[in-house]
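Novice: Encoded as C-alpha cells, here's the structure I'll be asking about.
Throughout, read-outs are computed from the coordinates displayed, never taken from laboratory work. Here the structure is a predicted model, which means the values were calculated and not measured. Using ideal geometry, Cβ is built from the backbone for each residue, glycine included, and neighbour counts are taken over all protein chains shown.
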Amino acid sequence: MVDPAIRLENVNLALGSGEARTQILKDICLNVAPGETLALLGPSGSGKSTLLMTMAGLEAPDSGAIWIAGRRLDQVGEDDLARFRGAHIGVVFQAFHLIQTLTALENVAIPLELNGVPDAFPRARKALTQVGLEGRVKHYPAQMSGGEQQRVALARALVARPALLLADEPTGNLDQSVGAEIIELIFALNRAQGATLALVTHDEALARRCDRIVRLRNGRIESDSASVADRAHADA
C-alpha cells in the first residue's frame, strides 16, 4: 500500500496568546494521494493558508498528527525538519520571499546548499532556465518584475525535485495576465516532476483545474470532492 503524500489526523491549531488566542484549525483530517492536485478554497480567515503551512512544517499543530511523504512532521526536531523540508517540500508564497541581497541564481541554490548538494549552482541554473529566466541569473530581486520574482520563487521551490509542492495564493501580487502565466508554469512543471500539489486560492476556476477541491470554513473542512474537471476525466 502506497503512503499518502499528505496525511493529517485530527489537527488542531490556535494562534495568539491570552484573550487574543484564536482557534484556526479544528479537527482537520485529510489524505492526499501521491501526484494528486488539491485546491484549498474558502473565505478569508477560514484557515487555508495556516493549513498549508502545517503541511510545510512551518506551523506546528497543538494536537493531531501530520505525515508528509511517510514522515511524521509533528514529532521531528527543528534541524531534522528543516533538512526534510529542503529535500521533500517546495513552497511558493504570495509575497515571493526572495532574499534581496542575493541574485536569482543564489536564491534558487539556497535550499540545495543548505542540504549539502554538491552541484547546487548548476541545478539552480537549470531550474531558472525551466522557468524562462536563463538571462536573469545574475539579477537581484529589485531588478526584476513581480512575475520574474515569482518565477525565481517557483524555481527555488522545485529545484530539489520535491515530492510535495505547496503554493499559497501564488498570483495574489501579480496582474491577471502575468498570474495566468505563473499558474500555467506551476501546473506544467508540477506535472513534469510528478509532485503532489496543494494550492490555496480564492479562484473557483483555478480550483476546478485541480483533481480535488477542499473547502474550509471557520477552521473546519466544509466539503471535500473531486473537481468538475476530474469528474469529467473519470467519466470519459
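Novice: How far, in degrees from 0 to 90, does helix 78-88 lean away from the longest principal axis of the Cα atoms of the chain, to the nearest 10?
Specialist: Long axis of 78-88 versus the principal axis of the chain: about 70 degrees.
Novice: So what's the angle, to the nearest 10 degrees on a 0 to 90 scale, between helix 104-114 and the longest Cα principal axis of the chain?
Specialist: 60 degrees
Novice: Taking Cα pairs under 8 Å and at least six residues apart, what relative contact order does the range 1-155 come out at, in percent?
Specialist: Rounded, it is 19 percent for the range 1-155.
Novice: Next question, about the same structure. For a label point 7 Å from the Cα of SER63 along Cα→C-beta, name the residues of the range 1-35 whose backbone N is under 12 Å from it.
Specialist: Residues 10-14, 26-28 fall inside that zone.
Novice: Can you give the extra length, in nm with one decimal, that the chain gains between ASP175 and GLU134 once fully stretched, where that is 0.36 nm per residue apart less the Cα-Cα distance?
Specialist: Between ASP175 and GLU134, full extension yields 12.5 nm more.
Novice: Please compute the net charge surrounding ALA124, taking Lys and Arg as +1 and Asp and Glu as -1 over other residues with Cβ under 11 Å from its Cβ.
Specialist: The answer is +1.
Novice: If you don't mind, there's one more thing I want to ask. Cα gyration tensor of the range 69-218, axes a ≥ b ≥ c as square roots of the eigenvalues: rounded (a/c below 1.5), prolate (a/b > b/c) or oblate?
Specialist: oblate
Novice: What FRET efficiency comes out for the pair LEU15/LYS126, r = Cβ-Cβ distance, R0 = 35 Å, nearest 0.05?
Specialist: The value I calculate is 0.35.
Novice: So which lysines can LYS48 reach, going by Cα to Cα under 22 Å and dropping same-chain residues fewer than 8 places off?
Specialist: Candidates past the 8-residue exclusion: LYS26.
Novice: Between the helical axis of 120-130 and the dominant principal axis of the chain, each derived from Cα atoms, what acute angle in degrees is found, rounded to the nearest 10?
Specialist: Once rounded, the angle reads 80 degrees.
Novice: By how many nm would the segment from THR101 to LYS26 lengthen if fully extended, with 0.36 nm per residue of separation less the alpha-carbon distance?
Specialist: My answer for the length gained is 23.1 nm.
Novice: Trypsin sites (Lys or Arg not before Pro) within the range 1-79: which are DSSP loop residues with at most 12 other Cβ atoms inside 10 Å?
Specialist: ARG21
Novice: Does the range 1-88 come out rounded, prolate or oblate, given a ≥ b ≥ c as the square roots of the eigenvalues of its C-alpha gyration tensor, rounded meaning a/c under 1.5 and, failing that, prolate meaning a/b above b/c?
Specialist: Oblate shape, in that a/c is at least 1.5 and b/c is the bigger or equal ratio.
Novice: Between ALA188 and ASN115, what is the spin-label point distance in nm, taking each point 7 Å from the Cα along the Cα→C-beta axis?
Specialist: Roughly 2.4 nm, to one decimal.
Novice: About the Cα centre of the range 12-85, how large is the charge dipole given +1 on each Lys and Arg Cβ and -1 on each Asp and Glu Cβ? Please answer in debye to the nearest 20.
Specialist: Here the range 12-85 has a charge dipole of around 160 debye.
Novice: Of LEU154, LEU38, LEU13, which is the most mobile in a GNM of the chain whose springs link Cα atoms less than 10 angstrom apart?
Specialist: Sorting by GNM fluctuation, first place goes to LEU13.
Novice: Quick one: putting +1 on the C-beta of Lys and Arg, -1 on the C-beta of Asp and Glu, what dipole do you get for the chain around its Cα centre, in Debye to the nearest 20?
Specialist: Dipole magnitude for the chain comes out near 340 debye.
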